[in-house]
Amino acid sequence: MEVTKLLSLCILITFLCVDIINLNNGGVQASHKVFPQFQSLTAVSIRQIHRTGYHFQPPKNWINDPNAPMYYNGIYHFFYQYNPKGAVWGNIVWAHSVSKDMINWEALEPALYPSQHFDINGCWSGSATVLPSNKPIILYTGLDPKDRQIQNYAVPANLSDPYLRKWIKPGNNPVVDPEQGVNASAFRDPTTAWWLNGHWRMLVGSKRSHRGVAYLYRSRDFIYWTKAKHPLHSAPHTGMWECPDFYPVLLSGKEGLDLSVVGKHVKHVLKVSLDVTRYDYYTVGTYLSDKDRYVPDNTSVDGWAGLRYDYGNFYASKTFFDPAKKRRILWGWVNESDTTEDDVKKGWAGLQAIPRTVWLDPNQRQLMQWPIEELETLRGKTVKWSHRQLKTGEHIEVKGITAAQADVDVIFHIPSLDKAEPFDHSWTDAQELCARKGSKVKGEVGPFGLLTLASKNLEEYTPVFFRVFQASKKHVVLLCSDARSSSLKDGLYKPSFAGFVDVDLADKKLSLRTLIDHSVVESFGAGGKTCITSRVYPTLAVLDNAHLYAFNHGTETINVENLNAWSMRKPRMNT
Ligand code: DQQ
């Protein structure tokens, strides 16, 4: 059974599942499936119909977590977990790319690879901190000869090299050892450090039995770290917390903040990547800096019922503060949904979502996310519609752009909400609701939206759409990105990803931005309140045979107030 499907099933029988995952991994407690027979197979080049045009990818092989994104002396640095020898997880090194705009990338030699007793069995995820002396420093997880997870640091060999090509791992590593009581096979992914009251602080993800934990460490000099008596935060029944991320957000406005900002004008966000479900969850809350504790607001819940950055395929994410444009940027890994055999044939697996700017929603209950503005430099040929009606049952083609590699931004206006279908309060699972009420299931207000990567006669299509329900006091909005009809090919994982959109429909408008790139469809509902990324592998709707439509299968007419769609050019991508 595919791991992803298995994982969905597992939410019900969670901890049994953790054991299954560990078995698959040959005993190493990280949730990447290990395929020894494929680990070092060189890429086979075939017709690359599913390779992306403008998403971050190396020329070949496997990639996973984003590591240590940072801005340093005018250059954006991006590191990521990479298998230099094959298209499955294994032989992991820190690949390194540099950019001036986070869209065009130049690949450098790997920055870190196993070489010392403190990382001989692996260089796993970590983060960068730029010290006040303007020196960057990386913290990462190393696997020692006994496969114990320990935390190390690395520094640039030559600060005057603008690309920081070479990194040194000083001999006084590791800087953090799993001490007694800490699970040495579940102790990884150090965060960027923040400075407060004379000490650096950083987090390491872990678990104690089934309780997810973010251990807090303090240091005066970045070298000698001591574990705080209490973790920054922990939550029962959530399993291993991978790749924690903790940062302040302004109560109002889109500006990002340096990690060390505290005060009444900010809230804090704690994100954890839950190994058991493979989704990234976050809470919005308060950092009690005097006690070094984080308390989520009562509008945010820990665990699987909580808020997600993305209700689709998006994991092990990490943010960083970009001082050049005063914004916080989010990077997330988008894994494949095809089979391992497909990946070996393609010669590659995994990509990074388009970097997103994140800020606090004015409602202060959740984050907003939007693709970085630099993406717009790739926009080419454009099509514009204004004030077009979508009557019930209609689908109208958006003609004149490369529909397989496009950026689409639409504002829908809903003339009347009176007939919205009633919402049943037992419908708490958005993905299940989307499976039940797909794009072809007629409604009243919706389903309406886009049919992306569609073949001419709709044998294949990935609909991204809204459906509006009437609950007792408010409207409930569902956003779906449904892969079930995305491909005629069998053996793919084709989930009906969905999330609810916490939006006020007073103006009767809903916006949708969708980035389409051959095998990835990244959508931002209501200005970035709810985001969903789907991986799809059409067989007919490929390259010039892909089409894009706007559609409405609700009884109520929907107006497309504005639609802008662009063909997207290819950036320089790690060549
Ligand atoms: N991937 C890394 C780990 C991390 C996991 C290993 C998350 O450090 O916990 O490649 O995808």
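Taken along the Cα-to-beta-carbon direction at a fixed 7 Å, the label points for GLU432 and GLN39 span 3.9 nm.
Summarising the label geometry, the points placed 7 Å from Cα in the beta-carbon direction at SER260 and ASP221 lie 1.8 nm from one another.
Evaluated with a Cβ-only charge set (Lys, Arg +1; Asp, Glu -1), the chain carries a dipole of roughly 500 debye about its Cα centre, given to the nearest 20. Evaluated with a Cβ-only charge set (Lys, Arg +1; Asp, Glu -1), segment 31-371 carries a dipole of roughly 400 debye about its Cα centre, given to the nearest 20. Classify segment 220-275: rounded, prolate or oblate, from the alpha-carbon gyration tensor (a ≥ b ≥ c, eigenvalue square roots; a/c under 1.5 rounded; otherwise prolate if a/b is larger than b/c)? Cα axes put segment 220-275 in the oblate bin. Taking label points 7 Å from Cα along the Cα-to-Cβ direction, ALA157 and HIS210 give a separation of 4.8 nm.
Each of ILE63, ASN564, THR319 was scored by the projection of its Cα onto the charge dipole of the chain, and the greatest displacement toward the positive side belongs to THR319; charges sit on the C-beta of Lys, Arg, Asp and Glu. With all pairs of different alpha carbon atoms counted, what Kirkwood hydrodynamic radius in Å does segment 379-568 show? Evaluated on segment 379-568, it is 16.2 Å.
Of the residues SER337, TRP359, SER439, the one whose Cα sits farthest towards the positive end of the charge dipole of segment 325-444 is TRP359 (charges of +1 on Lys and Arg Cβ, -1 on Asp and Glu Cβ, taken about the Cα centre). By the count of neighbouring beta-carbon atoms within 10 Å, fewest first, SER219, SER160 end up ordered SER160, SER219. Karplus-based coupling profile of segment 237-251, in residue order and whole Hz: 6, 10, x, 4, 9, 8, 6, x, 8, 9, 7, x, 10, 5, 5, with θ = phi - 60° in 6.51 cos²θ - 1.76 cosθ + 1.60 and x standing for Gly or Pro. Of LYS399, LYS267, the sequence from fewest to most neighbouring Cβ atoms within 10 angstrom is LYS399, LYS267.
Here the Karplus curve 6.51 cos²θ - 1.76 cosθ + 1.60, taken at θ = phi - 60°, turns the phi angles of segment 456-466 into couplings of 3, 9, 6, 5, 10, 5, 10, x, 10, 8, 9 Hz, with x standing for Gly and Pro.
Computed from backbone phi with θ = phi - 60° and the Karplus coefficients 6.51, -1.76 and 1.60, the 3J(HN,Hα) list for segment 359-372 is 8, 7, 4, x, 6, 6, 9, 8, 9, 10, 9, 8, x, 4 Hz; x is used for glycine and proline. Taking only the C-alpha atoms of the chain, Rg followed by Dmax gives 22.9, 69 Å.
Around the amide H of THR533, modelled in the peptide plane, lie the amide H atoms of TYR311, GLY312, ASN313, SER523, all under 5 Å away and 5 or more residues distant in sequence or on another chain. The angle between the Cα long axis of helix 14-24 and the main principal axis of the chain comes to about 70°, on a 0 to 90 degree scale. Each principal axis of segment 31-371 carries a Cα extent, and these read 56, 45, 44 Å when sorted largest first.
Ordering GLY86, LEU478, PRO231 by Cα displacement along the dipole of the chain toward the positive end leaves PRO231 in first place; charges were set at the Cβ atoms of Lys, Arg (+1) and Asp, Glu (-1).
One decimal place: the segment LYS100-GLU394 gains 101.5 nm when fully extended, by the rule 0.36 nm per residue minus the C-alpha distance. How far is the Cα center of segment 94-168 from the Cα center of segment 419-498, in Å? Cα centroid to Cα centroid, the span is 42 Å. Distant-in-sequence amide contacts of GLY303, defined by a placed amide H-H separation under 5 Å and a gap of 5 or more residues or a different chain, comprise nothing.
In nm², what is the average projected area of the convex hull enclosing the Cα atoms of segment 334-481? If you wrap the Cα atoms of segment 334-481 in a convex hull and average its projections, you get 12.2 nm². Look at VAL272, VAL542, VAL441 and count the other Cβ atoms within 10 Å of each Cβ; fewest to most, that gives VAL441, VAL542, VAL272. Helical content of the chain, expressed as a calculated mean residue ellipticity at 222 nm, amounts to -1500 deg cm²/dmol (DSSP H runs of 4 or more residues, -39,500 (n - 2.57) each, divided by residue number, nearest 500). Amide H to amide H, with H built 1.01 Å from N, SER260 comes under 5 Å of TRP195, counting only residues 5 or more places away or on other chains.
Here, each number is a calculation from the coordinates, and none is a lab measurement. Since we're looking at a predicted model, the values are computed, not measured. Here the Cβ is made from the backbone with ideal geometry for all residues, glycine too, and neighbour counts use every protein chain on show.
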